[in-house]
Amino acid sequence: MTEPANPLFPLLGVDPPRVGGFWLDARLGASPSGVAYTAHAEGGPTVMLLMLSEGASADAAACDRFAGTVNKLHIDTVLARGGRGQDSGRLAGKFAPPGDQPPAPDATPEAPWVALAYDGSPAANQEAARILSEVDLAWLPQQGTPSGPDYRLPWIDKIAPGTARQWPLPWPGRHDRSGWPSILASWLIMLLLMALAILIAILIFQAAPPTSPPPPVPTSGSGSPPPESASPGSGSPSPESGSPSPGSGSPSPASASPESPGASASASAASPTPNSRL
């Protein structure tokens with residue numbers, strides 16, 4: 001009699017598409033300390049991948065418990081491991097380095113993970129639940145007599161999957177790494193968009209209406225024209241015409257005195273009289 005296959009659940013939006021060199025296919029189960037997935041490498045068989053949750057990844061003690069549990073497994077069961085604190089111990093040779101990828105934008109540690117051999121049996125699912133329970137101390141027997149409030153791990157409510165960085169980024173909806181034709185096509189599309197943006201900018205600047213140059217700035221320090229530039233017939237009187245001359249403003253003594261007899265005789269001789277016409 002064959003054993004029933006483990007039920008699979010679809011991936012959620014918070015699940016990364018790839019962890020290390022394995023592409024995630026479905027969910028096997030989840031607990032406060034992590035998530036169990038079915039995954040596959042490029043051209044490889046299906047494996048069971050366990051990754052700690054966001055809260056457990058930030059706890060150094062939880063990462064140490066996970067690494068200690070993995071180091072106790074059979075060497076043929078562990079296919080690969082990675083993440084925080086997984087590069088030491090008995091099975092440190094199974095550690096998969098992150099490779100050539102850009103530096104992390106923040107100090108968030110990468111979630112510890114391990115890829116195990118998977119045969120689809122319920123025993124494999126039970127083994128995944130046992131490993132994750134070692135991290136959150138769910139199977140730890142109670143010590144002594146309980147008194148006071150129950151102890152809870154501070155990260156027990158942060159059940160989202162931990163951080164898994166990947167480079168290069170995969171195409172949306174794909175479950176394998178993009179090849180060279182896809183990368184070349186993406187670069188060509190980027191160059192085409194850049195050329196189109198430059199062409200649009202040139203057309204916008206060419207269609208702009210011409211602007212007249214600003215008026216020249218006067219070289220003199222003050223805004224009023226110099227005294228030499230004023231014309232003689234301008235509205236501002238000259239200093240000579242502003243004040244009357246002494247000769248014209250006041251009558252001379254000669255004009256104010258009565259005329260002399262000789263001057264009147266010469267004036268009458270110069271002007272014609274009616275008798276001179278006869």
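The values are calculated or read from the model by the stated rules, or taken from the named source; none is laboratory data. Note that the coordinates shown come from a computational prediction; the quantities given were computed from them, not determined experimentally. All Cβ positions, even for glycine, are placed from backbone atoms using ideal geometry, and neighbour counts span all protein chains on display. Protein only, heavy atoms only, side chains kept; ligands, DNA and RNA dropped before computing areas. Shrake-Rupley method; radii C 1.70, N 1.55, O 1.52, S 1.80 Å.
Just a few scattered comments:
- The strands (runs of 3 or more DSSP E) found wholly in segment 14-115 and carrying at least 1 residues that are touching a helix residue (DSSP H, G or I) at 6+ places or on another chain (Cβ under 9 Å) and over 22 Å from residue 136 (Cα atoms) occupy 78-82.
- Checklist (1) more than 30 Å from residue 7 (Cβ to Cβ); (2) of a type in the set (S, T, N, Q); (3) not in a loop (DSSP other than H, G, I, E, B) applied to residue 126, failing item: (1)
- Residue 46 vs. criteria open to solvent by 10 Å² or more (accessible area, probe 1.4 Å) and closer than 20 Å to residue 16 by Cβ: yes
- Meets criteria (of a type outside the set (Ser, Thr, Tyr) and either within 28 Å of the chain's Cα centre (by Cα) or at pLDDT 75 or above (or both)) for residue 179: no
- Test: residue in segment 164-174 that is modelled with pLDDT under 80, within 28 Å of residue 69 (Cβ to Cβ) and assigned to a loop (DSSP other than H, G, I, E, B): yes
- When segment 97-128 is limited to residues that are surrounded by fewer than 18 Cβ atoms within 10 Å (Cβ to Cβ) and of a type in the set (A, V, I, L, M, F, W, C), the one that is modelled with the lowest pLDDT turns out to be 104.
- For segment 14-23, the condition of being modelled with pLDDT under 90, closer than 25 Å to residue 153 by Cα and open to solvent by 30 Å² or more (accessible area, probe 1.4 Å) holds for at least one residue.
- Of the residues making up segment 26-43, those that are within 20 Å of residue 165 (Cβ to Cβ) and open to solvent by 20 Å² or more (accessible area, probe 1.4 Å) are 40, 41, 42.
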